[in-house]
1. Subtract the Cα-Cα distance of V50 and T169 from 0.36 nm times their separation in residues, and report this length gain in nm to one decimal.
2. If I model a spin label as a point 7 Å beyond the Cα along the Cα-Cβ vector, how far apart are those points for I234 and E345 in nm?
3. How about K248: which lysines have a C-alpha closer than 23 Å to its C-alpha, ignoring those fewer than 8 places off in the same chain?
4. Using 0.36 nm per residue of separation minus the Cα-Cα distance, give me the extension gain between I74 and Q146 in nm, one decimal.
5. Taking the beta-carbon count within 10 Å as an exposure proxy, list Y98, Y163 from fewest neighbours to most.
6. Efficiency by 1/(1 + (r/R0)^6): what FRET value for N255 and S81, r their Cβ-Cβ distance, R0 = 22 Å, to the nearest 0.05?
7. Set the Förster distance to 56 Å, then compute FRET efficiency between Q135 and M263 from the Cβ-Cβ distance, nearest 0.05.
8. Need one word for the chain: rounded, prolate or oblate. Basis is the Cα gyration tensor (sqrt eigenvalues a ≥ b ≥ c); a/c below 1.5 gives rounded, then a/b vs b/c decides.
Amino acid sequence: MISNKNNIVYLLLFVFLLSACGGKGEPQSTEIVIRPVKFHTVSRSTMNVVSSYPATITAANTTELSFQVGGKVIEFDLTESESVSAGQMIARLDDQDYRNQFNALKAQYDNALSEYNRSESLFAQQAIAKNVVEQRKSQKDVLKAQLDVAEKALNDTVLKAPYSGTVSTINIENFQNIQPLQSIITIISETALEANVNIPASDLSDAPNNDILEAIISFEVAPELMIPATFKEIDLTADQQTQTYKAKFQFEAPNDSLILPGMNGTLSITTVNKDQSEAQAIQIPVSAVQSDANQQFVWIIDQTTMTVHKRPIEVKAGVGSMITLKSGLEIGETVAAAGGAYLAENMKIKEWVNQ
């Protein structure tokens, strides 16, 4: 009996010691979890779009000059690449025959005019019939028309530059006999140039909704050179093979740079939506927008306490990585751009840094 009692005592002592050891387990952690969050500062988006196209440079004005009359060239001393001024004489023909023709018709016209004036005076005195006056008037008018033609032909023996430019090609030599409308030279404008680009149909689809803010011509051979350009025209018939539309932008070549027709460059066009409320809208990343059963919202970050707070928002329909807001946010506020699904009201956060 004593032996059984001792066994019971030993067993109870063992259980007590085992319980005491079990009570000294690891203390539970009370550390607050701080979740990393990607920050996004709300700003106003200009929604500008920049599109770049390969460009071929051509002269804004290219003119092939010719005489309206034929004859022998007696004065011509230009060379290719030579500059000419507006109104400068390019070439002159022997005008002797044209001058003789003009002088002869001038004498006939002066006589006819005198006879017509005399007939009017006699008719007023009832000395001649009215049909005589009409006949002399007709003769005068016919000679006047012939005299005008002869005068134009005489003036056309001198060929002048229609605008300031550069001689690009020469097709005759001095003292050569030429025919009417035969090509003499070709001149191109010196500073007035055009950039020719092919714009895809997809880029033109939204053109009615956009304004061109600026167009800039740049050249790979001179990357520091940025030349403003203005829209001139566009061919509304698409190229059947490329489905692109040929457009022209004009610009003035700077005096300190040599820009020639045939050079290649890049035309960069910056456009903005005509709807200013849309063009100046607030946009945030789509990943910042969260949804619950009733509404869409974002997590506003209080950077003083580094906590987050739910804020309802209204968004516009759209596609892409950014979404446009109707209401709910102010410029300068910071939202959680990623990780919002794991946040809760007043949760402590820290900024996530991509390492």
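Read-outs: derived from the displayed coordinates by stated rules, not from any lab. Only a predicted model underlies this, so the values are computations on that prediction, with no experimental measurement involved. Using ideal geometry, Cβ is built from the backbone for each residue, glycine included, and neighbour counts are taken over all protein chains shown.
1. Values: separation 119, 0.36 × 119 = 42.84 nm, distance 3.83 nm.
Full extension of this stretch gives 39.0 nm more.
2. The answer from the label model is 5.2 nm.
3. Result set, ordered by chain and number: K232, K274.
4. Working: separation 72, 0.36 × 72 = 25.92 nm, distance 2.61 nm.
Computed gain between I74 and Q146 is 23.3 nm.
5. Numbers: Y98 20, Y163 15.
Listing Y98, Y163 from fewest to most nearby Cβ atoms yields Y163, Y98.
6. Values: r = 17 Å, r/R0 = 0.76.
Rounded to the nearest 0.05, the efficiency is 0.85.
7. Numbers: r = 66 Å, r/R0 = 1.18.
It comes to 0.25.
8. Values: a/c = 6.55, a/b = 3.60, b/c = 1.82.
Note, shape of the chain comes out prolate.
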